[in-house]
Amino acid sequence: MVTKTVLFIVFFSIGIAAIAVSILVNDFNQYYIVKIQLHNTKLTNEKIQKLIDGYGEMVKSIEADPHIVERLAPATLGFEPNAPQTAFPKASRQELLAAHQALIAAAPPLPPEPVLPGWLKRCSDPMLRKVLFMAGSALVLISFTCFNVRKEEAGRKT
């Protein structure tokens, strides 16, 4: 009797879980998509916060030394500095490309973007959803028909 009860609980639980997953797979998809979007938004907010902090530091340095603007203007705006008797180095295209590649190589790697779990991708297929629903229904029916208490057994207990 105990084994029948345990088998009933196991088959019924697996069947109900399969039915629930087949019905709720679209909601699971939406949950994981929103979770991925939230992760991307957090990364974007962190980048924006770093930019804001960097600009704040630049403003503080400009307020501390007003002549820094004169030194930054040629590099930032791209015009020739107006300083007689001063030699300004010019970088070639190859030197700039090498410096750019070195900066990219030194940058920390991006964290991996979260993806949908494999089981959710498989369950999202409409044909597999139908199969999962039918298999769950079959397990529930099997648990009720094969592991129920027979009338003779129920009569002996009383």
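The values are calculated or read from the model by the stated rules, or taken from the named source; none is laboratory data. Just so you know, these numbers come straight off a predicted model, no measurement behind them. Counting neighbours? That spans all protein chains shown, and the Cβs are built from the backbone with ideal geometry, glycine included.
Mind checking whether some residue in the stretch 7-25 is loosely packed, with under 12 Cβ neighbours inside 10 Å and in contact (Cβ under 8 Å) with a residue 60 or more places away in the chain? No - not one qualifying residue is present in the stretch 7-25. Looking at Ile33, Ile16, just one residue is of a type in the set (A, V, I, L, M, F, W, C), in contact with a Gly (Cβ under 8 Å, 6 or more places away or on another chain) and in a helix (DSSP H, G or I), and that residue is Ile16.
Residue check: is Tyr55 without any contact (Cβ under 8 Å) to a residue 12 or more places away in the chain, under 30 Å from Leu120 (Cβ atoms) and under 36 Å from the mean Cα position of the chain (by Cα)? It is false that Tyr55 is without any contact (Cβ under 8 Å) to a residue 12 or more places away in the chain, under 30 Å from Leu120 (Cβ atoms) and under 36 Å from the mean Cα position of the chain (by Cα). Within the stretch 120-137, one or more residues are of a type in the set (Val, Ile, Thr) and modelled with pLDDT of 85 or more.
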